[in-house]
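Student: One structure is given below, represented as structure tokens, and several questions about it will come after.
The values are calculated or read from the model by the stated rules, or taken from the named source; none is laboratory data. Worth saying up front: this structure is predicted, and the values here are computed from it rather than measured. Cβ: placed from backbone, ideal geometry, glycine included. Neighbour counts: every protein chain shown.
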Amino acid sequence: MAHFYSTVTSKGTTHTKCGHKKRGMSSSTNGWDLGVDVDMHYDAEKDRDVATISVTHGSSGHGTAMRLGEFVKDGDSIKKIV
């Protein structure tokens with residue numbers, strides 16, 4: 001059974017992909033000069049999902065990505081851990 005779900009909508013059509021708990025899930029959305037990467041994985045040691053978010057230079061591929069951080073759920077809020 002899937003642990004992660006990703007939804008993409010383009011031109012009015014929505015597509016969903018599923019990711020397994022052991023392998024995680026990654027996605028990228030890019031313009032020519034700006035993009036975003038999101039990686040989701042399960043931390044078995046701490047029994048929690050972890051999201052890593054980075055801003056990139058998009059499809060042009062020039063430059064280095066800026067990592068915004070790693071995030072987890074902490075009670076009813078979201079907490080930045082790195």
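Student: How many of the residues in segment 35-48 are within 16 Å of Ile81 (Cα to Cα) and part of a strand (DSSP E or B)?
Tutor: Number of matching residues: 7.
Student: Can you tell which of Glu70, Glu45 is of a type in the set (Asp, Glu) and either surrounded by 11 or more Cβ atoms within 10 Å (Cβ to Cβ) or on the phi > 0 side of the Ramachandran plot (or both)?
Tutor: After ruling out the rest, the residue left standing is Glu70.
Student: Applying the selection to segment 49-67, what residues are assigned to a loop (DSSP other than H, G, I, E, B), out of contact with any Gly (no Cβ under 7 Å at 6 or more places or on another chain) and farther than 20 Å from Met25 by Cα?
Tutor: Across segment 49-67, the qualifying residues are Gly61, His62, Gly63, Thr64.
Student: Here is a follow-up. Restricting attention to segment 3-30, which residues are surrounded by 12 or more Cβ atoms within 10 Å (Cβ to Cβ) and outside any strand (DSSP E or B)?
Tutor: If the condition is that a residue be surrounded by 12 or more Cβ atoms within 10 Å (Cβ to Cβ) and outside any strand (DSSP E or B), then His3, His20, Lys21, Gly24 are the ones that fit.
Student: Anything in segment 62-76 that is at pLDDT 95 or above and under 13 Å from Asp37 (Cβ atoms)? List them, or say none.
Tutor: If the condition is that a residue be at pLDDT 95 or above and under 13 Å from Asp37 (Cβ atoms), then Met66, Arg67, Leu68, Gly69, Glu70 are the ones that fit.
Student: Restricting attention to segment 19-34, and to residues there that are in contact with a Phe, Trp or Tyr (Cβ under 8 Å, 6 or more places away or on another chain) and not basic (Lys, Arg), which single residue is nearest to Tyr5 (Cα to Cα)?
Tutor: The qualifying residue nearest to Tyr5 (Cα to Cα) is Gly19.
Student: Tell me which residues, restricted to segment 31-42, are more than 10 Å from the chain's Cα centre (by Cα), surrounded by fewer than 17 Cβ atoms within 10 Å (Cβ to Cβ) and of a type outside the set (Phe, Trp, Tyr).
Tutor: Selection gives Gly31, Asp33, Leu34.
Student: Answer with yes or no whether Thr13 is under 13 Å from the mean Cα position of the chain (by Cα) and polar (S, T, N, Q).
Tutor: No; evaluated as a whole, the condition is false for this residue.
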